[in-house]
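Colleague: What follows is a structure written as structure tokens; I'll ask about it next.
The values are calculated or read from the model by the stated rules, or taken from the named source; none is laboratory data. Keep in mind that this is a model prediction, so the values were computed, not measured. Don't worry about glycine lacking a Cβ; one is built from the backbone with ideal geometry, like all the others, and counts go over all protein chains shown.
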Amino acid sequence: MIISINKKRLALSILIPLLVGGASSLLTRGDMKIYDEIDKPPLAPPGLLFPIAWGILYILMGISLYLVWNKNDFRADKSKAYFFFGMSLFLNFIWSPVFFSMKAFLPAFVILLLLLVSVILTIVEYYKIDRAAAFLQLPYLVWLLFAGYLNLAIYYLNG
């Protein structure tokens, strides 16, 4: 079986989440030092881990977007999948400035809950189109659950 890869489409699919994450990081670059200064719960990883984890997650998001975009199935309605994926990117983008720059830990947690819902809905819609694309979103979902624990705990410890 020969697998044809549209390299331009794959690159664009990976670039989209990387650019969104990078832009959000640039907005909050100077404010991220707050993570070292606040009280953190048990299991809180060192700040160095976050850019590594997010880089991997953005690449996985991009690959899953590519699989959906590249799926040639006339029965597949991709509009909901794209909508929920776009919504999750938007919520992901605004979370960092709210958490780090505004230090608004509770509103950031609410955004994170909305992000979790949008990622779950993305997974559901991706599953209808391409199962591998849906499964590639699972590490993102697990990371967001962990981030939710951290965010809520930080709110309680520093609020």
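Colleague: Looking only at residues in the stretch 25-57 that are in a helix (DSSP H, G or I) and of a type in the set (A, V, I, L, M), which one is surrounded by the most Cβ atoms within 10 Å (Cβ to Cβ)?
Modeller: Filtering the stretch 25-57 for residues that are in a helix (DSSP H, G or I) and of a type in the set (A, V, I, L, M), the one surrounded by the most Cβ atoms within 10 Å (Cβ to Cβ) comes out as 57.
Colleague: Now for a separate question. Exactly one condition in (1) in contact with a helix residue (DSSP H, G or I) (Cβ under 7 Å, 6 or more places away or on another chain); (2) under 18 Å from residue 154 (Cα atoms) is false for residue 49; which is it?
Modeller: Condition (1) is where residue 49 drops out.
Colleague: Turning to a different aspect of this structure: Could you tell me how many of the residues in the stretch 129-154 are surrounded by fewer than 19 Cβ atoms within 10 Å (Cβ to Cβ) and under 12 Å from the mean Cα position of the chain (by Cα)?
Modeller: Residues in the stretch 129-154 being surrounded by fewer than 19 Cβ atoms within 10 Å (Cβ to Cβ) and under 12 Å from the mean Cα position of the chain (by Cα): 6 in total.
Colleague: Additional query: Considering (1) in contact (Cβ under 8 Å) with a residue 12 or more places away in the chain; (2) over 14 Å from the mean Cα position of the chain (by Cα); (3) in a helix (DSSP H, G or I), say which one residue 88 fails and leave the rest.
Modeller: (2)
Colleague: Taking residue 126, is it of a type outside the set (A, V, I, L, M, F, W, C) and either within 19 Å of residue 18 (Cα to Cα) or surrounded by fewer than 17 Cβ atoms within 10 Å (Cβ to Cβ) (or both)?
Modeller: no
Colleague: Something else now. Could we say that residue 115 is more than 19 Å from residue 159 (Cβ to Cβ) and at pLDDT 95 or above here?
Modeller: Yes: the conditions hold for residue 115.
Colleague: Related question: Can residue 109 be described as farther than 19 Å from residue 15 by Cα, buried (at least 20 other Cβ atoms within 10 Å of the Cβ) and touching a Gly at 6+ places or on another chain (Cβ under 9 Å)?
Modeller: Details: farther than 19 Å from residue 15 by Cα: yes; buried (at least 20 other Cβ atoms within 10 Å of the Cβ): yes; touching a Gly at 6+ places or on another chain (Cβ under 9 Å): yes.
For residue 109, the condition - farther than 19 Å from residue 15 by Cα, buried (at least 20 other Cβ atoms within 10 Å of the Cβ) and touching a Gly at 6+ places or on another chain (Cβ under 9 Å) - is met.
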